[in-house]
1. How do the peptides A:364-377, A:284-297 rank, highest first, by the average count of neighbouring beta carbon atoms within 10 Å per residue?
2. Decide, for region A:255-401, between rounded, prolate and oblate: order the square roots of the alpha carbon gyration tensor eigenvalues as a ≥ b ≥ c, take rounded if a/c falls under 1.5, and otherwise choose prolate if a/b is larger than b/c, else oblate.
3. Using only Cα atoms, what is the ratio of the radius of gyration of the protein assembly as shown to 2.2 N^0.38 Å?
4. Most fluctuating residue of D:VAL102, D:VAL40, D:VAL19 in a GNM of chain D with Cα springs under 10 Å: which is it?
5. Starting from a label point 7 Å past Cα on the Cβ side, list the distances from B:ALA46 to the same position in the other copies, nm, shortest first.
6. With a/c under 1.5 counting as rounded, go ahead and sort region A:334-380 into rounded, prolate or oblate using the C-alpha gyration tensor (a ≥ b ≥ c being the square roots of the eigenvalues; past the cut-off, prolate if a/b is larger than b/c, else oblate).
7. What is the order of D:LYS156, A:LYS309, fewest Cβ neighbours within 10 Å to most?
8. Near the axis that takes chain A to chain B, which A residue has its beta carbon closest, and at how many Å?
Amino acid sequence: AVSVGSAANVLAADGDPVILEKQEWQTTLGKNVATMPYGMPSIYEANLIRRESPGLTRVSAASVAFTPLQGLFGIITPNGLHFERQHQGWYNIDPEKHRLMVNGLVKHNRVFTMNDLMRLPSVSRIHFIECGANTGLEWGNVAVPTVQYTHGMLSCCEFTGVPLSVLLEECGADLKKGKYLLAEGGDGSGMTRTINLPDVLNEAIVAWGMNGEMLRPENGFPLRLVVPGVQGVSWVKWLRRLEVGDMPYATKDEAVHYNDLMPDGLARQYTSIQECKSVITTPSGGQQLLDKGFYNVSGLAWSGRGKIKRVDVSFDGGNNWKIARLETPVLSKALTRFNIDWVWDGAPAILQSRAIDDTGYVQPTIKMLRDVRGTRSIYHNNAIQSWKVGSNGEVSNVQVG
Amino acid sequence: AVSVGSAANVLAADGDPVILEKQEWQTTLGKNVATMPYGMPSIYEANLIRRESPGLTRVSAASVAFTPLQGLFGIITPNGLHFERQHQGWYNIDPEKHRLMVNGLVKHNRVFTMNDLMRLPSVSRIHFIECGANTGLEWGNVAVPTVQYTHGMLSCCEFTGVPLSVLLEECGADLKKGKYLLAEGGDGSGMTRTINLPDVLNEAIVAWGMNGEMLRPENGFPLRLVVPGVQGVSWVKWLRRLEVGDMPYATKDEAVHYNDLMPDGLARQYTSIQECKSVITTPSGGQQLLDKGFYNVSGLAWSGRGKIKRVDVSFDGGNNWKIARLETPVLSKALTRFNIDWVWDGAPAILQSRAIDDTGYVQPTIKMLRDVRGTRSIYHNNAIQSWKVGSNGEVSNVQVG
Amino acid sequence: QNASSRFPGIGRDATSAEVAAWDIDVRPDFKGLPKGSGSVDKGQELWESKCSVCHGTFGESNEIFTPIIGGTTTDDIKTGRVASLADRKQPQRTTIMKVATVSSLWDYIYRAMPWNAPRSLSADDTYALVAYLLSMAEVVPDDYVLSNSNIAEVQKRMPNRNGMLLKHGLWNAKGSPDTHATACMTNCVQFVQIGSELPDYARNAHGNIAEQNRQYGPFRGADSTKPPLA
Amino acid sequence: QNASSRFPGIGRDATSAEVAAWDIDVRPDFKGLPKGSGSVDKGQELWESKCSVCHGTFGESNEIFTPIIGGTTTDDIKTGRVASLADRKQPQRTTIMKVATVSSLWDYIYRAMPWNAPRSLSADDTYALVAYLLSMAEVVPDDYVLSNSNIAEVQKRMPNRNGMLLKHGLWNAKGSPDTHATACMTNCVQFVQIGSELPDYARNAHGNIAEQNRQYGPFRGADSTKPPLA
Ligand code: HEC
Ligand code: HEC
Ligand SMILES: [Ca+2]
Ligand SMILES: [Ca+2]
Ligand SMILES: [Ca+2]
Ligand SMILES: [Ca+2]
Ligand SMILES: [Ca+2]
Ligand SMILES: [Ca+2]
Ligand SMILES: [Co+2]
Ligand SMILES: [Co+2]
């Protein structure tokens, strides 16, 4: 194993020159406050950006930019690194010209401006959003090198907006007949998705706020539907219309995509829920451990069905497991950060995490998933992820079993 | 009252042109994913930035840039808008050259690199940070127009780092004798603060992460001390040294500043705790209501002693109060977002919020505070804030009683 | 205005012109489908002028998006199940292989195509384009005129119309999962075997991983332009 | 290396040279104070070349920072309480009025001044500068030579040495608060009276508030360049 950059290794006779010699930042005057009225990360963080996976799609306006999970901490995704999935590019919609229409099985077809919506009773809640296709490249075999590309269509923010239920009640929605909600976006794709209304009515939010500020343009500014636990494509961006209906709509992105092909050639349609899943983010694929010794192994767990109850970690490819520490708060349908101690002895190891949610559901192995769903579902791969640590300290993406 | 921009007011014969006519964002192709590899807010958000208060200090490298609370949602402060307080400017410290030394009443004086620290067991927790001088200009009388300047030295983030207790234990700290901790920064001011070690040992974090990413340079990249419940100046930035000691250090910023002058000329020294406080952020000073009718009144509450138990809101200057809704999660020593319904009838009104924490402490009026502390304390003004809504819809900063 | 409103002064009723302008979705039962018609011939003309540059003359192009047409048989039209979805003989899954409902095609083309000029097609254009696409898949004959009156008939010939499974655990949060893992803690796997590793060509296919991690701290990126360290 | 370490391979013992380089803090009991000395005269020279540009020749400047010297009397030196802190006759609170501990001055000047060149002073320089500042406040005579041996004597003459109150509720999270408000819910205030309003000159003193709020949504900023709407 290489041995670089730890304090133990840079000792001159008297000590470390960066301590013994005064540094520029101790001996000169720094920059003014508000030098950046809206701040940006340190120049030393430039490597951690959203990135496309080459060859995933053919055009960058119908594509994905993945969140660099390999370098993130905690559960909140900074807005600048929130993953992006666009079907027809993104727009900076003029909020003065944005409208929300509610129609269908309602007493009153209504129109709301942003002025109107932002006066309504609002809630703020932390939820994860995961694309249904996250980890989709790995159904058949290992395909991509790092956690940014295996799991990076995943983010978690505090969303603020008016509860969907408040809005629908105000419009006199017929919730007996109206079991389906069509959500439509204001962009060129006019993204439409059928929402399971009774299932999400208590939790869905017509949201404008994201981590304290307005939604980012690439994430739907000024309005998006937040559907906790449900795959990201249903969190319709630039939300312009909600229609209450009595049957599902079979829109393009639920008739041709975002449904799960089974081995017999039938496709499960309207698959929506993101089942319980977890992944170790450090150390993870493509990283290089510099030394043997103690490490904090850290990762994320989440469930579209509720709260994370427990996360187990294995260092031997799933033979033996230990219970990880969960960071607080542990919230329903939000990311949960876990951590566990590890002393790396320099021998090869295979790291895995396995999440359990409060329904008792245990995250499956890729083999278990394949036994039921085959290898061509694209969507909803929530298998246990394995990272191999080689004796050279390099971590790589593998599948076991 | 002016009546502008609500959906009710822009109706042409057939309907609203922005609905009837197709907009550019419906009829053209949008921008590529990762157009901004690290994203920025919408161009329509440009007014919400960190700002200095003119005349507060004489030089901008020893000054404050305030968070625009008037436009924020929820409890998470986006890193780009986190308030800044600098004493000698800020630096982009090279993390490869940053060291943390632990000395004093410890068995082993130790040195840690960032490589070392980031391998240690980490925790992630959401906490508020408030400057002890927040609202300091308002001890004597109303002085500034908006909540950005009255309360904007306040932010709340998810911090990630190694627990202080883990680090001190590793160094063999003598916690019997060592009741005081000196924390020192690596910048030009070499900021030093005495920490009440037994009081914060279970909660303080030597942190590198802030809302999922590394600390921002102006907030101490790559390392800062997080001392939940304690005023911001003690959250030493660019943290380079921790010394365990047996008496307080009376550093410049605890001998000359950050202590509270009482009417008799004595100064309370080592005042640290941020007591329970709240403020309505919308509507707030300098804002202009466009119309009568329903409003969601929203604000923030926090306590350096624990959790928020309840927030009450008055619309008549404190004569009658109603209980506000608290958003979840309600966390210890974190901001709590509250919301309450209000129908503005066009008559003048005075809005106030009053927080109660889980010790039972009730946020005081400014009169109660002045009765004990006079008007010259500068620090730790946690008084109930009053916003007057005029019959013209303009909101302004007032004090009652 | 809604008399029973909890929120006086907020929002207003939509006009019928407004609802008409925005409520353009077409459901599987054809609710929402505007009247109109279009022939395969006209569809072909439109396709060649507005669509083929991206999707290929026969909807077969893989340049901008997955092929739209291909992989279905006249047998599929009878069974309503696309055999190539099960037998895996088709390398890619085309749109026509997957789509069960003709409304989905109509709705999407009308609302979102051409990709660079959405909402520029008339209803008649859309009928024509759908007719042309279906003719290439042999769902309708080459002289067909698709219209709101005959589209329900066409639905009955969609190759994958019986291809959808609605019974599964992923529509409701309370739905039943299809895996039933248990949380074994010790000696769970007799023999841990690596079934799949990152292929060599994929090591650097996403660019140099060293440049996608911090250049400080314990978790650097491996230099993927070089082979792994010895 | 720490033999009992939970974390093998992480961190290392500091060398004594390293501790010496960084452990420069000086406590009120003078622990940490390096040996050395400096005269008022030398202090004056240093002050005029390195400090007066920002703080004024007599430490009286209010340009870059609040004045350092002023507002104390020889009587204060006797009592150890600065009377002007209570009688409010002094418009501003200078550093010397507030500081109780001479160590605080020594420590801060050594670690952080001059502002634009911190850590450039020697220990002797610092003794001289502190001596000069104290001489201006009449704490030491004009021919004084301050040193590590006599600084404890000087402490006994600090004008505000008895000015600090350590007993209060804000040092411990469990400390007792000094207000005891109750949560009255109805008819709490007989007569609500506005005691203070934003002064007219302050309305636009922070720039136009309209430009510090969103220009959409219900909470616009008032145009503070104009008087309030009628
Ligand atoms: C400039 C390129 C371009 C042009 C021109 C274009 N398309 Fe497309 N088309 C696309 C892309 C890219 C997608 C995928 C969009 C997405 O990711 O949601 C697409 C998707 C589709 C789909 C859905 C396919 C599926 O499986 O999801 C259909 C049907 C379609 N186009 C038909 C048309 C028709 C009809 C026209 C002409 C009127 C047309 N396209 C013109 C690029 C184009
Ligand atoms: C370029 C401007 C500048 C120069 C030169 C300068 N200072 Fe300062 N000084 C400041 C500023 C600004 C502060 C306040 C720093 C802060 O906000 O923490 C300050 C603070 C101080 C304080 C603390 C005052 C208080 O009440 O907090 C002392 C004492 C002091 N300076 C002494 C000196 C001495 C001695 C020198 C020369 C060796 C010096 N200064 C040179 C700008 C300067
Ligand atoms: Ca109105
Ligand atoms: Ca419809
Ligand atoms: Ca044909
Ligand atoms: Ca080592
Ligand atoms: Ca010391
Ligand atoms: Ca004199
Ligand atoms: Co109506
Ligand atoms: Co030792």
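1. Values: A:364-377: 19.0, A:284-297: 24.1.
Packing order, densest peptide first, comes out as A:284-297, A:364-377.
2. Values: a/c = 2.44, a/b = 1.51, b/c = 1.62.
Oblate.
3. Details: Rg = 32.9 Å, N = 1262, 2.2 N^0.38 = 33.2 Å.
Ratio of Rg to 2.2 N^0.38 Å for the protein assembly as shown: 0.99.
4. Of D:VAL102, D:VAL40, D:VAL19, the most mobile in the Gaussian network model is D:VAL19.
5. Those separations, rounded to one decimal, come out as 2.6 nm.
6. oblate
7. Working: D:LYS156 11, A:LYS309 19.
Least crowded to most crowded, the residues run D:LYS156, A:LYS309.
8. Reported as residue, whole Å: A:PRO329, 2.
We did not get these values from a lab; they are worked out from the coordinates using the rules stated. Since the structure is predicted, the reported quantities are computational estimates derived from the model, not experimental observations. In this analysis, Cβ positions are derived from the backbone assuming ideal geometry, glycine residues included, and neighbour counts consider all displayed protein chains.
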